Amino acid sequence: MRDDDDAVARDLERMRVVDARGRVDALARVASKELVVVWFTRDDCAACRAFAPRVVALARRRAATCDVVAVACDDARATTAADDDGAGDDGVWRAVVATAADARAVNAILRALAVATLPAVVVVRRDARAVVTTWGRAALVARGDDVVDAWRRGESGLNPFGALARCVARALSACAPA
């Protein structure tokens, strides 16, 4: 974990989101799942629009494990019809980027994470308050929503040798002297 990961995780926790009744609250107060998947997007970005169905599918299929938050990096699109759990009808929370200070906070988070292109997907473990990966977009494209299991283990989801490494670790621990 990088030194700034904790600060970024705290900034993400403080990010304001819209709840089911249209009230605004900090993400840390409304998120209840183990993982928070933060999707940075723009309306005028063709890649963002093409990627949107993947994120919505993740939000719907992995609702028990992940809170998915959309952060509009271009305007204040915070309002959405919401389900009873607070997420929008597509299963995605909407971040409030309504002021210049909100936009500066989003830009600071993107800079701290070295995110240079959109759409970007950042995954945070709430319990450890740690950034799991900033490569969530690539992992989601490569592995679909099954990548959530890797994220839960604290992996980026992109290591092709991850399963082999876990197998070797189990074999070595079985050979360790008691």
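The values are calculated or read from the model by the stated rules, or taken from the named source; none is laboratory data. All values derive from a computational prediction rather than experimental measurement. Quick reminder, even Gly has a Cβ in these numbers, built from the backbone with ideal geometry, and neighbours come from all protein chains shown.
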* Looking at (1) buried (at least 16 other Cβ atoms within 10 Å of the Cβ); (2) modelled with pLDDT of 85 or more, which is the one condition that is false for residue 5? -> (2)
* Structure fact -> Restricting region 102-123 to residues that are without any contact (Cβ under 8 Å) to a residue 60 or more places away in the chain and within 22 Å of residue 31 (Cα to Cα), the one farthest from the chain's Cα centre (by Cα) turns out to be 103
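Kindly indicate the residue of region 132-148 that is of a type outside the set (Phe, Trp, Tyr) and outside any helix (DSSP H, G or I) and also surrounded by the most Cβ atoms within 10 Å (Cβ to Cβ) among those meeting that condition. Outline the logic, then answer.
Here is the first cut: in region 132-148, the residues of a type outside the set (Phe, Trp, Tyr) are 132-134, 136-148.
Next, only the ones that are outside any helix (DSSP H, G or I) stay: 132-134.
Numbers: 132: 26, 133: 22, 134: 20.
Filtering first and then ranking leaves 132.
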* Residues of region 26-43 being closer than 17 Å to residue 97 by Cα and loosely packed, with under 14 Cβ neighbours inside 10 Å, which ones? -> 26, 43
* To do: Kindly provide the set of residues from region 149-159 that are without any contact (Cβ under 8 Å) to a residue 24 or more places away in the chain and either of a type in the set (A, V, I, L, M, F, W, C) or crowded, with 20+ Cβ neighbours inside 10 Å (or both), ordered by number.
  => 150
* Under the condition of being under 14 Å from residue 48 (Cβ atoms) and assigned to a loop (DSSP other than H, G, I, E, B), which residue from region 61-79 is modelled with the highest pLDDT? -> 73
* Structure fact -> Of those in region 14-60 that are in contact with a Cys (Cβ under 6 Å, 6 or more places away or on another chain) and not in a strand (DSSP E or B), the residue nearest to residue 153 (Cα to Cα) is 33
